[in-house]
Amino acid sequence: MGATTIGALVGGVIDSMGGDEDASWDGALKGAIVANVLKVVVPMAITYAVGWAVLRGAGELKDTVFGDVK
């Protein structure tokens, strides 16, 4: 199952648990949208964090090898 389908199912279930009289399709639609947004945002955040850690480590390594250059 894709993330969009799982997001739609979870959103529909959460919306139907709210006790409102309306249909749960709007919760399913919101869940599908959130799932698609997270498919883009989470990899970008992980990539940024890894890149930041690598640059930070490279700076520390440079300071260790060459001394603290000011």
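Read through the labelled values (1) 1.58; (2) 1.97; (3) 1.42 and report the label of the one computed as Cα Rg over 2.2 N^0.38 Å from the structure.
(2)
Counting Lys and Arg as +1 and Asp and Glu as -1, each charge on the Cβ, what is the dipole of the chain about the Cα centre in debye, to the nearest 20?
Details: 5 positive and 8 negative charges, 110 e Å.
Result for the chain is approximately 520 debye, rounded to the nearest 20.
Can you give the accessible area per residue of the chain, in Å², using a 1.4 Å probe? Intermediate values should be presented prior to the final figure.
Values: 5590 Å² over 70 residues.
Accessible surface, normalised per residue, equals 80 Å².
Positive end of the charge dipole of the chain (Lys, Arg +1 and Asp, Glu -1 on Cβ, about the Cα centre): tell me which of 41, 7, 65 has its Cα farthest that way.
65
Rounded to the nearest 500, what is the chain's calculated 222 nm mean residue ellipticity when only DSSP H runs of at least 4 contribute -39500 (n - 2.57) each, over all residues? Present the calculation step by step, with values, prior to reporting the outcome.
Values: 2 runs with 57 residues, N = 70.
Using -39500 (n - 2.57) per qualifying helix, the result is -29500 deg cm²/dmol.
Give a residue-ordered list of calculated ³J(HN,Hα) values for region 47-62 (Karplus: 6.51 cos²θ - 1.76 cosθ + 1.60, θ = phi - 60°; whole Hz; x for Gly, Pro).
Using θ = phi - 60°, the values come out as 4, 4, 5, 5, x, 5, 5, 5, 5, 5, x, 5, x, 5, 5, 4 Hz.
If you roll a 1.4 Å probe over the chain with all protein chains in place, what percent of the accessible area is carbon or sulfur? Present the calculation step by step, with values, prior to reporting the outcome.
Values: 4020 of 5590 Å².
For the chain, the apolar C and S fraction of the accessible surface comes to 72 percent.
The values are calculated or read from the model by the stated rules, or taken from the named source; none is laboratory data. Keep in mind that this is a model prediction, so the values were computed, not measured. No Cβ is skipped: glycine too gets one built from the backbone with ideal geometry, and neighbour counts run over all protein chains shown. Just the protein is used for accessible areas: all its heavy atoms, side chains included, with ligands, DNA and RNA removed. Shrake-Rupley method; radii C 1.70, N 1.55, O 1.52, S 1.80 Å.
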